[in-house]
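S.K.: The structure under discussion is supplied below as C-alpha cells; questions concerning it will follow.
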Amino acid sequence: MIHHLRAAGVSLIVDARGAKVPSILHWGADVGELDSSALDSLAGALVAAVPPSSIDEPPRLSLVPTLFDGWSGRPGLEVHRVGGPAPSVSQPLALRLVATDASETSLIFTLADAAAAVTVTVTLELTPEGVLRLRHRVRNDASSPLAVDGVAAALPLPDRARELLDFTGLWTHERTPQRHTLGQGIWSREHRHGRPGHDDAFLFAAGTPGFTFRTGEVWATHLAWSGDKVLWAERSPLGASVSGSGELLAPGEIMLADGEHYETPWTVAVYSATGLDGVSARLHPWIRSWSSIRRPRPVVLNTWEAVYFDHDLPTLLTLVDQAARVGVERFVLDDGWFEGRTDDRRALGDWFVDAARWPDGLSPLIDAVRAQGMDFGLWVEPEMVNPDSTVAREHPDWILGHADAPTWRFQRVLDLSNPEAFAYILGRLDALLGEYDIAFLKWDHNRDLLGGSAHRQTAAFYRLLDAVRAAHPHVEIESCASGGARIDLGVLERVERVWTSDTNDPLERQAIQRYTSLVIPPEYLGGHLGAAQSHTTWRTSDLEFRLVTALFGSAGIEWNLNEASPAELDTIAAWIDTYKRRRDLLHSGTVVRSDASDPALHAHGVVSRDHTSALFAHVSLAAPRTAVPSPLRLPGLDPDRLYRVRPLTLGAAPRAIQDAPPAWIAAGETVLSGRILAEIGLAVPLLAPEQAQLFTADAL
C-alpha cells in the first residue's frame, strides 16, 4: 500500500505496493489529508516515462537503491559473501519486500533476498516536530560470513534543489560554510578521522538556489554518528537527485556471522520551507524533547587559559574566590591534575591524582569550591594515552595503530574495544567520581585515530559514556575534541554540553556559533569569556564584544580573573546576572537569524516560545560596505502584537562611528508591531568593526 506520514507541516509519502523495495514519492511540504484513492492517483501521476537506451521500466529511486533496480549511482547497500557464493559485485542483492509494520509516526519495511540469505530492515520515523529519521539494519541469514561494505540512507531531492551547503573547517575555525551548485554527478564528503573532525560536513543541505536563513526551501541531513562518515548529493543524467549519508566503513570492518546484524546510525533529515532557520526550528524542539539537560545551564569557569598546567593550590583558591565574586556556578579544573602531568607530552592514561602537587588530593580545592556555593568539574581524556605513561609502558597491546605510526600531540589512542583497556578506564573514572564530589566531566579527545577500527572505537566510546552515566547519573558531561571536532547528534544523546571550539576569540566565535547552532540548541554550546588578547589568534577584543558573544550559549569564563581590574570584575558580574535572568529565554526559545546584504554585519536572536520576549544581537564583524547600514529586521515575533524595543548594554556602550545615534536609541526605546519589525526593521548604530549591540523586545 501507499503510506502517508504527516507532522508539523511535513508529508512523507512512501509507495510500498507490490514486492519491490519501497520508494519515497514525496518528502517535503505537507500536501494535506489524502485518502487511498488520492494516494493511488498521485503514485500513478508520478510514474515516469521510459527513456531511450535504459532499462525497460520507468526509473524509480528506492529506499535501498542498487544496480539490481537499475540505479547506477552510488549504491545504498554493498555487501559480499566471504568464502561462499554471491552476493558480490557481479551479483547485486535482489531485495524484495516481505513485511511492513506501519503506524501513524513510523514505517518499518523488511526486505529480503532469500537466495543470498540477507535481510534488510528499513525504519523511518516522522517526529511531531516534522523531523524525519531513517536507518537500516542488515542481517546475515547464512552460515558463511557476510561482509558489509557500505549501507546508506538515500533520500530523493526534487529537481529544484540545485544548491548545496555543507561545512568544512580546521582547529579553531570549525563549521565554515561552503556552497556549490549541484550539477550532474556527485558531491561527496568523506571523513576518516575516527571522529567527525574539525572539517566535518556537519549539516548537508540542498535547497532552492539562493536559499538563506529566512527564505527558500531546504532539504537537510545530518548523520548522528561520532565516527567515520560519508555524506553526498548526486544528480543523475536520468533525472533523479539523491541525498545520501552513512557510516564510512573500512574493508572488513563489519563482518557478520550467521544471525548477526549491523545497524546504521540514524540519518536525521529535515525539510524547511523557510530557509535554514526553519531547519533549526524543527531540530531544536525535537532535541529538547529527549535532552538529558534537567537544570539551568550553570555559568562555568574553566582553568585552562587561566593557569594551563601550572596547578598551584593557593593560586587556584584565589581564582575560586574571584569566580564566586562574579557569580560563577561551576568551577572546572582542566588538564594537569593527574600523576606526572606537567605538559602535554606525558602521563595521559595515568588517571591518579598527582601526589606531588596535590598531597591532600583534590579535596581542598573541591571543598573551597563547594563552600563558595559552586559545583566542581574535572577535565579528562579517557580515550587517549601518552607513550610516556605507566599505562602505555605496561600495556602496549591496549594502544591502537602501528607502533611506528606518528603520534599526534604526543599521544596515541587507547583501544576501547579491548575489554581490559575498557575496564581500566571505566574503573579509574568510577573511582574518581566515587571519591570526589564531581558534578561535571569535560571529556576531551585531542587527536584523530589514524589506525584501528573507527566503528568499534566509536561504539566502545558510546558504551563507556553510557556506563559512566549509569553509575553516576548526577554527573554532567561535556563533549570536547580539541575544540569542536566531535559535535553530532550521536554524542549529544549522552552529554549535556559540547565545547564549540578551542578559540575564545569572539570574532571567530560569531561564525562558529552561528553555524553550529543550525543543528545544536544554544544551551549545549559552550562559549567562554576569554582574555582581552585571544590565546589562539592573538587578536585583542573589547570586553563588551566578548561578553555579547559568550552570552548566546552555555556561558562561561576562561580567563585568569586575578588579572582583571575591579571595574572589569563588576562588569562581568553584571553580565552573569543578565545571563541568569535571561537564560530561560536563551535556552528554550526559537533561534532566529537575519539575512544581511552586507557580509560585515550579522544579526541573530532568540524569541520566546510564547512570543512575549526576545533578545537580539546586531554584530559588526568588519568595516561595513555603506556609511549607513540598512535597517535591522527582527524576525520571529508575533506579527500582530506590539513590542517595546530597547537597547541593552553590557558594560560600556559599543563603539560607534557616528556623530549622533539613531533617534529611537537616543530616546531609549520604540514601540512597533512584530510585522513592522520583521519586514521593515529599525535604524541601528554605525558600529565600529568587532562591536555588538543588544536589543530586547517585550510584548505589550
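The values are calculated or read from the model by the stated rules, or taken from the named source; none is laboratory data. Remember, predicted model here, so these are calculated numbers, not experimental data. Here the Cβ positions follow ideal geometry from the backbone for every residue, glycine too, while neighbour counts run over all protein chains shown. Keep in mind that these areas ignore ligands, DNA and RNA; they rest on the heavy atoms of the full protein, side chains included. Shrake-Rupley method; radii C 1.70, N 1.55, O 1.52, S 1.80 Å.
S.K.: Using a 1.4 angstrom probe, figure out how much accessible area segment 54-193 has per residue, in square angstrom, rounded to the nearest whole.
M.R.: 44 Å²
S.K.: Taking Cα centroids, how far is segment 393-428 from segment 108-127 in Å?
M.R.: 37 Å
S.K.: Taking the mean number of other Cβ atoms within 10 Å as a proxy for protection, how do you rank 257-265, 139-147 from highest to lowest?
M.R.: Going from most to least packed, we get 139-147, 257-265.
S.K.: Next question. Evaluate the relative contact order of the chain (contact order divided by residue number), counting alpha-carbon pairs under 8 angstrom at least 6 apart; express in whole percent.
M.R.: On the way: 1630 pairs, mean separation 68.1, N = 700.
Relative contact order for the chain comes out at 10 percent.
S.K.: Give the distance, in whole Å, between the Cα centre of segment 158-231 and the Cα centre of segment 593-649.
M.R.: The distance from the Cα centre of segment 158-231 to that of segment 593-649 comes to 26 Å.
S.K.: Explain nothing, just the number: dipole magnitude of segment 475-528 about its Cα centre with +1 on each Lys and Arg Cβ and -1 on each Asp and Glu Cβ, in debye rounded to the nearest 20.
M.R.: 120 debye
S.K.: Can you compute the FRET efficiency between ARG137 and ARG469 using 1/(1 + (r/R0)^6), with r the Cβ-Cβ distance and R0 = 25 Å? Round to the nearest 0.05.
M.R.: Efficiency at R0 = 25 Å is approximately 0.50.
S.K.: Roughly what would the spin-label model give for ALA574 and ASP430, points 7 Å off Cα along C-beta, in nm?
M.R.: Going by the 7 Å Cα→Cβ label model, 5.1 nm.
S.K.: Find which of THR215, PHE331, VAL619 sits farthest along the positive direction of the dipole of the chain, computed with +1 on the beta-carbon of Lys and Arg, -1 on that of Asp and Glu, about the Cα centre.
M.R.: THR215
S.K.: Oh, and also: Just name one of VAL300, ILE425, ALA660: the one whose Cα is farthest towards the positive end of the charge dipole of the chain (beta-carbon charges, Lys/Arg +1, Asp/Glu -1).
M.R.: Comparing the listed Cα positions along the dipole, ALA660 ranks first.
S.K.: How much length would be gained if the chain were fully extended between ARG625 and THR315, taking 0.36 nm per residue of separation minus their Cα-Cα distance, in nm to one decimal? Display every interim value, and only then the final one.
M.R.: Working: separation 310, 0.36 × 310 = 111.60 nm, distance 4.71 nm.
Stretched fully, the ARG625-THR315 segment lengthens by 106.9 nm.
S.K.: Quote the charge dipole size of segment 398-492 about the Cα centre in Debye, to the nearest 20; the model charges only the Cβ of Lys and Arg (+1) and of Asp and Glu (-1).
M.R.: Here segment 398-492 has a charge dipole of around 220 debye.
S.K.: Continuing with this model, one more query. Just subtract the alpha-carbon distance of ASP56 and ARG17 from 0.36 nm times their residue separation and send over the number in nm, one decimal.
M.R.: Value of the extension gain: 12.1 nm.
S.K.: Would you work out the charge dipole size for segment 360-519 about its Cα centre, treating the Cβ of every Lys and Arg as +1 and the Cβ of every Asp and Glu as -1, and quote it to the nearest 20 debye?
M.R.: Rounded to the nearest 20 debye, it is 380 debye.
S.K.: With a 1.4 Å probe and every protein chain kept in, tell me what percent of the accessible surface of the chain is carbon plus sulfur. Mind dumping the intermediate values first?
M.R.: Working: 13810 of 26030 Å².
Accessible surface attributable to carbon and sulfur in the chain totals 53 percent.
S.K.: Looking at the square roots a ≥ b ≥ c of the eigenvalues of the Cα gyration tensor of segment 498-591, which shape do they give, rounded for a/c under 1.5, prolate if a/b is larger than b/c, or oblate?
M.R.: Taking the square roots of the gyration eigenvalues as a ≥ b ≥ c, segment 498-591 is oblate.
S.K.: Taking 0.36 nm per residue of sequence separation and subtracting the Cα-Cα distance, how much length would be gained by fully extending the chain between ASP640 and THR105, in nm to one decimal? Walk me through the numbers on the way to the answer.
M.R.: Numbers: separation 535, 0.36 × 535 = 192.60 nm, distance 3.36 nm.
Full extension of this stretch gives 189.2 nm more.
S.K.: Which Cα, out of PHE552, THR590, TRP538, lies furthest along the positive dipole direction of segment 537-627 (beta carbon charges, K/R +1, D/E -1)?
M.R.: In segment 537-627, that residue is THR590.
S.K.: Then there is this: Compare the peptides 602-615, 270-283 by average per-residue count of other Cβ atoms within 10 angstrom and give them in order, highest first.
M.R.: Packing proxy ranking, top to bottom: 270-283, 602-615.
S.K.: Give me the lysines in straight-line cross-link reach of LYS442: C-alpha distance below 27 Å, same-chain residues under 8 apart excluded.
M.R.: Straight-line reach from LYS442, under 27 Å: LYS229, LYS580.
S.K.: Order the peptides 474-480, 114-120 from the highest to the lowest mean number of other Cβ atoms within 10 Å of their residues.
M.R.: 474-480, 114-120
S.K.: Here's something else I'd like to know. Under 1.5 on a/c is rounded, so check that first for the chain, then, if it is not, pick prolate when a/b is larger than b/c and oblate when it is not; a ≥ b ≥ c are the square roots of the alpha carbon gyration tensor eigenvalues.
M.R.: Oblate, since a/c reaches 1.5 and b/c is not below a/b.
S.K.: While we're looking at this one, here's another question. Quick one: what are the phi-derived ³J(HN,Hα) couplings along segment 257-270, Karplus 6.51/-1.76/1.60 with θ = phi - 60°, whole Hz, x for glycine and proline?
M.R.: 7, 4, x, 7, 9, 10, 10, 6, x, 5, 8, 9, 10, 9
S.K.: Would you please state which residues of segment 7-32 a label at ALA43 would reach in this model, taking the label point 7 Å out along Cα→Cβ and a backbone N cut-off of under 19 Å?
M.R.: Under 19 Å, as judged by backbone N against the label point of ALA43, lie 11-28, 31-32 of segment 7-32.
S.K.: If you count only protein heavy atoms with a 1.4 Å probe, what accessible area per residue comes out for segment 310-431, rounded to a whole Å²?
M.R.: On a per-residue basis, segment 310-431 sits at 40 Å².
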